[in-house]
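K.L.:
Okay, handing you the structure first.
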Amino acid sequence: MKKLVACLILFSFALPSHAFFWNKKDKALEKELQGKGYAGNLPNLNKNTEKTKTKVTTPIFEAQEGFNNPAELKPVPKDNPAFINIIQKKDKTSPFVNDANEIIPMLEKLVDCIQDNENLQLFITKANLLTLNIDNLTEKYDGKPESYYESFRKLQEVNRYVKSIALLRREAVTYQRYLAYTESGSIYNPENIANQLQYLLEELNTVILMLREES
């Protein structure tokens, strides 16, 4: 117990000197750090910075004058196969049907000729034009798959009828008066020719209807 009291007395005498030593050391450190780190003044952050500026960009390509003017627009390239086959819708109608449709007006004109009882010269002219076009159609598609179409075969039949009756009417003008009273001359009499024309008229209307149904 006496030893403990003695130690406390000694410690109390030594404390002021040690406290003075540490107080002096803290003041020296504070002086050294003055103006530095968090204890000093912070730098001015706005000095070297600039406000964000909105940049305006310009297009790389120049605008074409009159772009929106209909008068300045280029025409559609209808002669370009790429436009015809890709951009435009291709015509799905077969070439044969397109060619046959061009014959329909000729068939109809011959029908009108028979119904209106036009003279022989007009009949022969219209008949020859029709048979010429059917002959061309036959040559173009003969031996091809289109030659098996019912309308193709019907056109061949009508073509033969037209040629036969046109020949019959031409011969009738020449031979009727000489063969009127003979057995062979009966084919040239007006009644027989009228019957043949009526039959041709029915065939013409049939093939016209058939062609229209295919188009």
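K.L.:
Run down TYR175, TYR149, TYR141 and say which single residue is aromatic (Phe, Trp, Tyr) and surrounded by fewer than 16 Cβ atoms within 10 Å (Cβ to Cβ).
P.N.:
One residue alone meets the criteria, TYR175.
K.L.:
Hey, another quick one. Scan the stretch 118-154 for residues that are closer than 28 Å to ARG170 by Cβ, assigned to a helix (DSSP H, G or I) and of a type in the set (S, T, N, Q) and jot them down.
P.N.:
GLN121, THR125, ASN128, THR131, ASN133, ASN136, THR138 - these are the residues of the stretch 118-154 that are closer than 28 Å to ARG170 by Cβ, assigned to a helix (DSSP H, G or I) and of a type in the set (S, T, N, Q).
K.L.:
Across the stretch 116-141, what is the total count of residues that are modelled with pLDDT of 95 or more, among the acidic types (Asp, Glu) and farther than 13 Å from ASP99 by Cβ?
P.N.:
1
Matching residues to (1) among the aliphatic types (A, V, I, L, M); (2) out of contact with any Ser or Thr (no Cβ under 7 Å at 6 or more places or on another chain); (3) under 18 Å from PRO95 (Cα atoms):
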{"residue": "ASN128", "(1), (2), (3)": "no, yes, no"}
{"residue": "LEU137", "(1), (2), (3)": "yes, yes, yes"}
{"residue": "GLN176", "(1), (2), (3)": "no, yes, no"}
{"residue": "ILE193", "(1), (2), (3)": "yes, yes, no"}
{"residue": "LEU197", "(1), (2), (3)": "yes, yes, no"}
{"residue": "THR206", "(1), (2), (3)": "no, yes, no"}
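The values are calculated or read from the model by the stated rules, or taken from the named source; none is laboratory data. Just so it is clear, the structure is predicted and the values come from calculations on it, not from any experiment. Glycine also receives a Cβ, built like all others from the backbone with ideal geometry; neighbour counts cover every protein chain displayed.
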